[in-house]
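Student: Structure in structure tokens, see below.
The values are calculated or read from the model by the stated rules, or taken from the named source; none is laboratory data. Fair warning: this is a prediction, and the values are worked out from it, not measured in the lab. In this analysis, Cβ positions are derived from the backbone assuming ideal geometry, glycine residues included, and neighbour counts consider all displayed protein chains. Please note that ligands, DNA and RNA were not included when accessible areas were found on the heavy atoms of the full protein model with its side chains. Shrake-Rupley method; radii C 1.70, N 1.55, O 1.52, S 1.80 Å.
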Amino acid sequence: MGRKRMVAMLLAGGEGKRLGVLTKDLAKPAVHFGGKYRIIDFTLSNCTHSGIDTIGVLTQYQPLVLNTYLGIGSPWGLDRRDGGMAILPPYVKQKGGMWYKGTANAIYQNMGFIDRYDPDYVLVISGDHIYTMDYELMLQEHEERGADVTIACIEVSLKEASRFGIMHVDDEGMITAFEEKPKVPTSNLASMGIYIFSWPVLQKYLIRDEANRGSSNDFGKDIIPAMLQDGVRLNSYTFKGYWKDVGTLESLWEANMDLLSEKPVLDLNDKNWRIYSVNPNRPAHYSAATAEIYDSLITEGCIVEGLVHRSVLFYGVQVGVDSEVYESVIMPNVKIGKGARIYKAIIGENAIIEDGVVIGDPNKESVTVIGSDEFVAANQSLQEVE
């Protein structure tokens, strides 16, 4: 194996409980997004555009669909003989095996994979965020500042801050304190879950953390605080672009709605930063004479005979005559019958909505969710089907 300057380790094994029925049988990075993508496409495409050609994808929870989708990495240009993509599930060793106990333990168990490439740096990223970022620029700053660790961060509202790891920095941008999901945050500078470590430094702390029986083996709770305590140089890399943690139903819905304008902040038409994905290879979408479509993304293979307003329709969706869909995310191959009404909802893949069904309430702010493969019978008014 050739030596690599930087190897990426992509954490894709989380259960994603807050996405409810959408992740009942599916890893969060495999959840559909934006009409024709899955969430993990964004991180993988970022790696490709940043010149990173060696990626370990760490899977654990419900990996079947995700592993099948990733294949050998061809859509992202990662089907290579030297490096490329490697899927890294937990495995059995001579002295037994174990599930990944936490984010740090997942990397610890795969130190052998990293050592094969003898890298100077390791990029640790998550497969459940929507953003575009050039990791090479982050690495350049890491080197210029002589940092041991660089953490990408973004300003969020104080209301949201308790969902994230929160950082405090000095006048030079060096991190002075780190709080993992504080109940009462005193800073709004949130970690994006993107870390560049100088590999010898990270290796030392992973081994030490594994030997500590009281550790939860987590980067935010254990590794970063330990480094701060020891005076390791932790640099903050401030990101100014679009970034969304789609770990909740509300944020997933919002991120899809963010795409519905003539000039969205996240530009999926940027020719210089394509988001690569597995193409479903469907025919062009069809709009009948009865169809009305406003401010929406309609993907190939859709058949629209009703009204669609500010919504995202993935491939193969059918909307029947006299049906109306408002501010909703309709995932692949959903069939909506005649005369149905759908308000501010996320409808899971392959669900069937019978004629006349009403889903959601136009007078409520909450998102209504229907799980994948659900059958919603006529004359039902639903808030959630599990």
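Student: Going through segment 79-126 one residue at a time, which ones are in contact (Cβ under 8 Å) with a residue 60 or more places away in the chain and of a type in the set (V, I, T)?
Tutor: Scanning segment 79-126 gives T103, I107, I114, V122, V124, I125.
Student: Quick one: how many residues across segment 296-314 are touching an Asp or Glu at 6+ places or on another chain (Cβ under 9 Å) and open to solvent by 40 Å² or more (accessible area, probe 1.4 Å)? If you could, list the steps in order and put the result at the bottom.
Tutor: Filtering segment 296-314 for residues touching an Asp or Glu at 6+ places or on another chain (Cβ under 9 Å) gives 304-311, 314.
Narrowing the set further to residues that are open to solvent by 40 Å² or more (accessible area, probe 1.4 Å) leaves 305, 309-310.
So the answer is 3.
A quick yes/no check of all residues on (1) closer than 14 Å to M9 by Cα; (2) open to solvent by less than 30 Å² (accessible area, probe 1.4 Å):
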residue: L88; (1), (2): yes, yes
residue: R116; (1), (2): yes, no
residue: L137; (1), (2): no, no
residue: Q140; (1), (2): no, no
residue: G146; (1), (2): no, no
residue: I151; (1), (2): no, yes
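Student: Follow-up. Can you name the residue in segment 233-247 that is crowded, with 17+ Cβ neighbours inside 10 Å and in a strand (DSSP E or B) and, of all such residues, is nearest to the chain's Cα centre (by Cα)?
Tutor: Of everything passing the filter in segment 233-247, D245 is nearest to the chain's Cα centre (by Cα).
Student: Which one of these does T103 not meet: (1) out of contact with any Leu (no Cβ under 9 Å at 6 or more places or on another chain); (2) among the polar types (S, T, N, Q); (3) within 20 Å of W199 (Cα to Cα)?
Tutor: The one condition T103 does not meet is (1).
Student: Any idea how many residues of segment 248-276 are open to solvent by less than 60 Å² (accessible area, probe 1.4 Å), under 17 Å from M133 (Cα atoms) and of a type in the set (S, T, Y)? Break it down into steps so the answer makes sense when it comes.
Tutor: Filtering segment 248-276 down to residues open to solvent by less than 60 Å² (accessible area, probe 1.4 Å) leaves 248-249, 251-253, 255-257, 259-260, 264, 266, 268, 270, 273, 275.
Going one step further and asking which of them are under 17 Å from M133 (Cα atoms), we end up with 255, 264, 266, 268, 270, 273, 275.
With the extra rule that they be of a type in the set (S, T, Y), the set shrinks to none.
Final tally of qualifying residues: 0.
Student: Here's something else I'd like to know. Failed condition for D230, given (1) farther than 30 Å from V21 by Cβ; (2) modelled with pLDDT of 95 or more; (3) under 23 Å from the mean Cα position of the chain (by Cα), with all others met?
Tutor: (3)
Student: I'd like to verify a number: residues in segment 166-225 that are of a type in the set (V, I, T) and at positive phi, how many? Step through it out loud before you land on a result.
Tutor: So the first thing to find is which residues in segment 166-225 are of a type in the set (V, I, T), and the list is 166, 169, 175-176, 184, 186, 194, 196, 201, 207, 223-224.
Right, trim to at positive phi and you get none.
Qualifying residue count, segment 166-225: 0.
Student: Determine whether K183 is assigned by the TED database to the domain that holds L19, more than 22 Å from the chain's Cα centre (by Cα) and not in a helix (DSSP H, G or I).
Tutor: Numbers: assigned by the TED database to the domain that holds L19: yes; more than 22 Å from the chain's Cα centre (by Cα): yes; not in a helix (DSSP H, G or I): yes.
Yes, satisfied.
Student: Here's a check for you: in segment 96-131, which residue that is assigned to a strand (DSSP E or B) and within 30 Å of W253 (Cβ to Cβ) is farthest from the chain's Cα centre (by Cα)? Break it down stepwise before answering.
Tutor: Residues of segment 96-131 that are assigned to a strand (DSSP E or B), as a first pass: 96-97, 121-126, 129-131.
Now restrict to residues that are within 30 Å of W253 (Cβ to Cβ): 123-126, 129-131.
Values: L123: 16, V124: 14, I125: 10, S126: 7, H129: 3, I130: 6, Y131: 9 Å.
Looking at the filtered set, the residue picked out is L123.
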